[in-house]
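Notes to accompany the following structure.
Since every read-out is calculated from the coordinates, none of them should be taken as a lab result. This one's a predicted model, so the numbers in the text were calculated from it and none came from an experiment. FYI the Cβ positions are ideal-geometry reconstructions off the backbone, even for glycines, and counts take in every protein chain you see.
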């Protein structure tokens with residue numbers, strides 16, 4: 001019996017080490033990558049500057065730090081040290097180093113007021129870290145707030161590139177007009193495919209509201225017609241995708257298409273700005 005007990009203890013001790021480093025280091029929410037790169041793509045296109053390479057490094061480093069930090073802080077809170085704790089600490093240092101390098105470069109080459117959007121987003125980031133520790137990040141509100149925080153990078157890039165604050169704020173709003181409806185649509189489209197409880201009104205209403213917002217920003221001269229067209233297309237996509245006539249797609253296929261739509265939307269912002277349409 002003692003031998004069996006020792007064997008069980010050995011297995012229990014070794015089990016945590018079998019966790020793949022990838023699951024500790026990288027976010028499991030694939031859609032989060034779109035939230036990260038869409039504002040960065042549009043911002044770098046519209047506002048290239050000496051600071052432009054460093055701001056994405058800061059955003060990407062901070063974004064990647066979140067996943068291993070969740071494991072590290074969770075284990076630290078429980079006063080335990082597991083093999084995954086050491087792996088998480090290693091990646092926190094690596095990704096944190098990337099973020100620190102980006103921060104230093106941004107501080108050197110960008111005016112100080114460029115950081116204001118990140119300062120405004122900081123409370124959201126703190127809230128998300130707390131939710132990470134509590135394992136509550138798969139809920140709707142943390143996902144929406146994460147998108148809002150990541151979207152702030154386009155405003156930082158715009159301010160660093162010498163644009164006025166009202167234009168930087170408009171860009172942030174334009175990105176949010178894409179990300180928030182997308183979250184609501186994907187969640188409900190996937191739930192619909194899995195025959196779970198879903199909503200139709202909220203995702204469609206959010207797309208219509210986003211379209212009206214983008215039209216309003218275009219009307220005051222701070223958005224392009226291309227982005228308006230793209231917002232209208234996304235609204236139609238939501239209406240069709242949540243209708244009885246929709247094409248059946250796997251959750252993975254829905255996610256892939258959202259990434260494609262997100263890149264096109266980001267390009268519409270940049271191309272529309274330079275083309276003047």
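Values for this structure:
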{"item": "Quotient of C-alpha Rg and 2.2 N^0.38 Å, computed over region 164-277", "result": "1.10"}
{"item": "Degrees between helix 140-160 axis and first principal axis of the chain (Cα, 0 to 90, nearest 10)", "result": "60"}
{"item": "Angle between the chain longest axis and helix 165-193 axis [Cα atoms, degrees, rounded to 10]", "result": "60"}
{"item": "FRET efficiency estimate (nearest 0.05) - Cβ-Cβ, residue 81 to residue 101, R0 30 angstrom", "result": "0.60"}
{"item": "C-alpha long axis of helix 251-275 to longest principal axis of the chain, angle in °", "result": "40"}
{"item": "Max mean-square fluctuation residue, GNM over the chain, Cα-Cα springs under 10 Å, options 164, 231, 47", "result": "164"}
{"item": "Which label in (i) 0.98; (ii) 1.06; (iii) 1.13 gives the computed Cα Rg over 2.2 N^0.38 Å", "result": "(iii)"}
{"item": "Choice from 245, 261, 219 showing the highest fluctuation, given a GNM over the chain with Cα pairs closer than 10 Å", "result": "245"}
{"item": "Residue-averaged 222 nm ellipticity for the chain, from DSSP H runs of 4+ at -39500 (n - 2.57), nearest 500", "result": "-26500 deg cm²/dmol"}
{"item": "Rg in Å to one decimal, and Dmax rounded to a whole Å, for region 24-162 via C-alpha atoms", "result": "15.2, 48"}
{"item": "Least to most buried among 167, 201 (fewest other Cβ within 10 Å first)", "result": "201, 167"}
